[in-house]
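The values are calculated or read from the model by the stated rules, or taken from the named source; none is laboratory data. Source: prediction; values computed, not measured. Using ideal geometry, Cβ is built from the backbone for each residue, glycine included, and neighbour counts are taken over all protein chains shown. Calculation scope for accessible area: heavy atoms of the full protein, side chains included, ligands and nucleic acids excluded. Shrake-Rupley method; radii C 1.70, N 1.55, O 1.52, S 1.80 Å.
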Amino acid sequence: MNDIIKKAEQFVIDTFNTSLPEIYVYHNYTHTRYVVKKVKEIAKAEKITEEEKEMVVLAAWFHDLGYIDGKKGHEERSANMASRFLRENDYPVEKEEVVIGCIKATDFNFTPITLLNQMIRDADTAHFAEDNYSDYSKMLKTECEILDGCNMSKKEWNSENIKIFNTHNYFTKYANATWLASKNKNLLSLNKSATKKAKSKSDDNNRSERSVDTLFRVTLKNHITLSDIADTKANILLSVNAIIISVLISNLVPRLSDTENHYLMIPTITFVIFSAISIILSVMATRPNVTAGTFTQEDVDNKKVNLLFFGNFHKMKLVDYEAALKVVMDDKDYLYSSMTKDLYFLGQVLSRKYSLLRLTYTIFIVGIIVSIVSFGLSYYFQ
């Protein structure tokens, strides 16, 4: 049992890490691990067999893996992924069917009948009874806003939660005996919150700020990732051409002094020149630019300086920088303007890097072709 479950856990971790979009702040590995934990908790109380426990735990690991390809129909995709994994690991077909049935039972439109189906269904909604249910709810709301654009106010979101709570039931004896009271307590809190008058303008502002924060966070991460990719590509080109030049200088150049090898002079020089140009361009693509590192109080007052970029303050005194940054933190428009400028100039840097990289790759390819042709012609006419 332990071997197949460990393999499944590692497979799920690897798949989530490589394929799950970052917008899934709720349906991710953390939630999956939580459901597995709750399934084991119910299994211990219900005193099922080790074989049954193995099947329902496997289902818990795979039940949300389909989210890597989107929310809609994720149960069916999760079941298919689990089926492929189990077959590749020679898992018995009859047990595989039980696992697939448990995964499909997590669909809210499905009525679980077997005990194993009921167990995973209860585990999947165990957070309804958690003391920090509001934290789970906030994560789910954030995911919904990013993924589906469901821009609900706090009051509207609470109403939707109340509807789900009122239609939801726990199925196992353990869940009803252990979690139902806490779930009803959370429902009471939701009802109390729903009766309070929320200021719609405040809700709209909070929602807007969260969306803007998400926009800047995701865009900045993408910029940094693209910059890392560009540096990696430049380093590869630099290393390859440095090796080429080293090999040519150490092995071929000493032989050019021989009369019979003079015909290799032009091809060798051509090869070295193209490689040297590629190295120079690779260095230029990764060569950093450092700005003055100072700003004036007038720049801060006129909101002309971006205090989020180190190049604008690295020569300033700490006291002056702290005072200027406080101005930025107290002025939301200035803060967003600085973040916008930061993204813009990062984009300018990326444009320069990728333009140089494209030119470098083109020169490298042309150099290889020209050098090979030159070697061939020299040998032929010699």
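A compact table of results
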| item | result |
| --- | --- |
| Selected residue [of a type outside the set (Lys, Arg) and open to solvent by 10 Å² or more (accessible area, probe 1.4 Å)] from 32, 49 | 49 |
| Residues of region 321-356 satisfying the condition of being part of a helix (DSSP H, G or I) and of a type in the set (D, E, K, R) | 322, 326, 330, 332, 333, 341, 342, 352, 353 |
| Residue selected from region 179-196 under the condition over 13 Å from residue 131 (Cα atoms) and not small (Gly, Ala, Ser), by the criterion modelled with the lowest pLDDT | 196 |
| Residue among 280, 369 that alone is of a type outside the set (Asp, Glu), more than 23 Å from residue 228 (Cβ to Cβ), modelled with pLDDT of 85 or more and open to solvent by 90 Å² or more (accessible area, probe 1.4 Å) | 369 |
| In region 64-73, the residues that are open to solvent by less than 20 Å² (accessible area, probe 1.4 Å), part of a helix (DSSP H, G or I) and not hydrophobic (A, V, I, L, M, F, W, C) | 66, 67 |
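Yes/no matrix, rows are residues, columns are (1) modelled with pLDDT of 75 or more; (2) farther than 28 Å from residue 236 by Cβ; (3) touching a Pro at 6+ places or on another chain (Cβ under 9 Å); (4) not charged (D, E, K, R):
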site	(1), (2), (3), (4)
313	no, yes, no, yes
333	yes, yes, no, no
338	yes, yes, no, yes
341	yes, yes, no, no
346	yes, no, no, yes
350	yes, no, no, yes
356	yes, no, no, yes
